[in-house]
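Here's the structure, in structure tokens; my notes come after.
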Amino acid sequence: MTDWQAFFIALLQGATELFPVSSLGHAVVVPALLHWAFRQADPSFVPFLTLLHLGTATALVILYWRDWLGIVKGFVRGAVRGRIEAENERLAMLLLAGTIPGGLIGFLLERPLKALFATPRVAALFLILNGAILLTAEALRRRSERRDLSREEQEQQFKSAQQITFKAAFVTGGAQALALLPGISRSGVTICGGLLAGLRHQEAARFSFLLATPIIAAAGLLEVPQLFSQRGPLALYAAAAVVAGLAAYISARFLIRYFRAGRLDPYGWYCAAFGLLALILLR
Amino acid sequence: METRGNPALAGVVAALGALFVIISALYAFGAVSFATSDPGAAHHYKHALVALAIAVACLVAANVVRPKAA
């Protein structure tokens, strides 16, 4: 892998991790389309991907540092007391309810699923499916919107992240397991879950990013020992992690602003079109 | 804010937590190697840590959903 390829992959990873378009799907399909002679599933890539994940997680923690401060305090208070008495305690426990199924299924199925499906053509197929999921979720959402209101007013009819039910948080968190399939977007399925649970688009995105942070950070932190056990250009990897972090930060800020009135449709159509194009080109 | 408890759910989640404590120990001592990259290794600390984190999360959740005395 050359320096430019490393920075390109970092940019791709950082940007697509939070956009509802599947970072894993792009990481599998794009190098194949460019005829790059490396596979990200290769064990020598672990330190590189670890640092990229840590870069992305750091960007999310910086972006939501106030929320995280409240969530950590709320988690400790709620866990010790065994009772939820404040909004930040409820949000902390909602994130816990969402993280348990995602972590559990990921723990059991990550390796077998990635080994089975991490091929470019299969990833392209799942990208098309991801597009269909996003478009279907938006179509279902439109049914529950009042048509006589402006987009901003329509959004105000829906809930904030703290108001989601525990069952919905659990199901939304569990849906993250679908993202183990390369081409299915973690943020995509969690935003769809949030929308179907009655959240505003912006709040669904915020809940999705908060839900993603512990899992992305844990995935990175758990691989940290590999950084020291395998030889590789660590300075280059660290620089790439900064690029991934910056891309993730800018992406998250863009998406939060976009979802004030924007919808998932453009990303749905993009995934369907890109997946179809990749299938044709990878024949 | 929320005072209702769910004893059945609390029991299930607590049992899941206890199960993952055991799974964590089994991974740590190398007695289990399911879904690991190196099944021949003597210890699987990474999987043990993940299982322990899931166990703690389940036990916290069980504490929150258990019925409380008024």
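The values are calculated or read from the model by the stated rules, or taken from the named source; none is laboratory data. Here the structure is a predicted model, which is why all the values come from computation and not from measurement. Positions of Cβ are backbone-derived with ideal geometry, glycine not excepted, and every protein chain shown enters the neighbour counts. With ligands, DNA and RNA removed, areas are computed over all heavy atoms of the protein, side chains included. Shrake-Rupley method; radii C 1.70, N 1.55, O 1.52, S 1.80 Å.
Leaving out ligands and nucleic acids, note down the accessible area per residue over the stretch B:7-65 with a 1.4 angstrom probe, in whole Å².
Here the per-residue accessible area is 50 Å².
Kindly provide the GluC sites (Glu not before Pro) of the stretch A:138-207 that DSSP labels as loop, not H, G, I, E or B, and whose Cβ sees at most 16 other Cβ atoms within 10 Å.
A:Glu145
Give the span of the stretch A:1-123's Cα atoms along each principal axis, as three whole-Å numbers ordered largest to smallest.
For the stretch A:1-123, the Cα extents along the three principal axes come out at 55, 29, 24 Å.
Once the Cβ-Cβ distance between A:Gln156 and A:Leu69 is put in as r, and R0 is 25 Å, what FRET efficiency do you end up with, to the nearest 0.05?
It comes out at approximately 0.40.
Under a GNM of chain A (C-alpha, springs under 10 Å), which listed residue has the highest mean-square fluctuation: A:Ile100, A:Ile128, A:Ile215?
Result for chain A, Cα springs under 10 Å: A:Ile100 fluctuates most.
Check A:Ile84: other-chain or 5+ apart residues with amide H under 5 Å from its amide H, H built from backbone geometry?
B:Glu2
What percent of all Cα-Cα pairs in chain A falls into each 10 Å bin, going from 0 up to the bin containing the maximum distance?
Each 10 Å bin holds this share of Cα pairs: 7, 29, 36, 21, 6, 1, 0.
For chain A, set up a Gaussian network in which alpha carbons nearer than 10 Å are linked by springs, and say which option among A:Ser144, A:Ser208, A:Ser229 fluctuates the most.
Judging by the Gaussian network model, the answer is A:Ser229.
So what is the accessible area of chain A per residue, in Å², with the probe set to 1.4 Å?
With all protein chains present, chain A gives 45 Å² per residue.
Please list, or write none, the aspartates and glutamates whose alpha carbon is within less than 18 Å of the alpha carbon of A:Lys167, excluding same-chain residues fewer than 8 places away.
A:Glu87, A:Glu89, A:Glu203, B:Glu2
Quick one: the Cα spread of the stretch A:171-233 along its three principal axes, in angstroms, biggest first?
48, 21, 20
For the protein assembly as shown, which whole-number percentage of the solvent-accessible area (1.4 Å probe, protein heavy atoms only) is attributable to carbon and sulfur atoms?
Answer for the protein assembly as shown: carbon and sulfur cover 67 percent of the accessible area.
Could you state how much accessible area is buried at the B-A interface, both sides summed, with a 1.4 Å probe, in Å² to the nearest 100?
By this definition, chains B and A bury close to 2100 Å².
Give me a comma-separated list of calculated 3J(HN,Hα) values for the stretch A:85-101, in order, Karplus coefficients 6.51, -1.76, 1.60 applied at θ = phi - 60°, integers in Hz, x for any Gly or Pro.
10, 9, 4, 5, 5, 5, 4, 4, 6, 5, 5, 4, 4, x, 7, 4, x
Would you mind counting up the charge near A:Pro101? Only other residues with Cβ under 14 Å from its Cβ, with Lys and Arg at +1 and Asp and Glu at -1.
The answer is +1.
How many nm is it between the label spots at B:Ala69 and B:Tyr45, if each spot is 7 Å from the Cα in line with the beta carbon?
Going from the B:Ala69 label point to the B:Tyr45 one covers 4.3 nm.
For the stretch A:3-281, with only Lys/Arg (+1) and Asp/Glu (-1) charged at the beta-carbon, what is the dipole magnitude about the Cα centre, in debye rounded to 20?
440
Could you work out, for the stretch A:93-202, what percent of all Cα-Cα pairs fall into each 10 Å distance bin, beginning at 0 Å and stopping at the bin that holds the largest distance?
15, 39, 31, 13, 2
For the stretch A:180-283, treating each Cα as an identical point scatterer without solvent, what Debye log10 I(q)/I(0) comes out at q = 0.17, 0.18 1/Å?
-0.99, -1.05
Are there any residues in the stretch B:50-70 with a reduction of at least 30 Å² in accessible surface when going from the isolated chain to the assembly of protein chains? Probe 1.4 Å, please list them by number.
Residues shielded by partner chains are B:Val50, B:Ile54, B:Ala57, B:Val60, B:Asn63, B:Val64, B:Lys68.
Can you give the Rg to Rh ratio for the stretch B:7-65, taking only C-alpha atoms and Rh from Kirkwood?
Across the stretch B:7-65, the Cα-based Rg/Rh ratio is 1.09.
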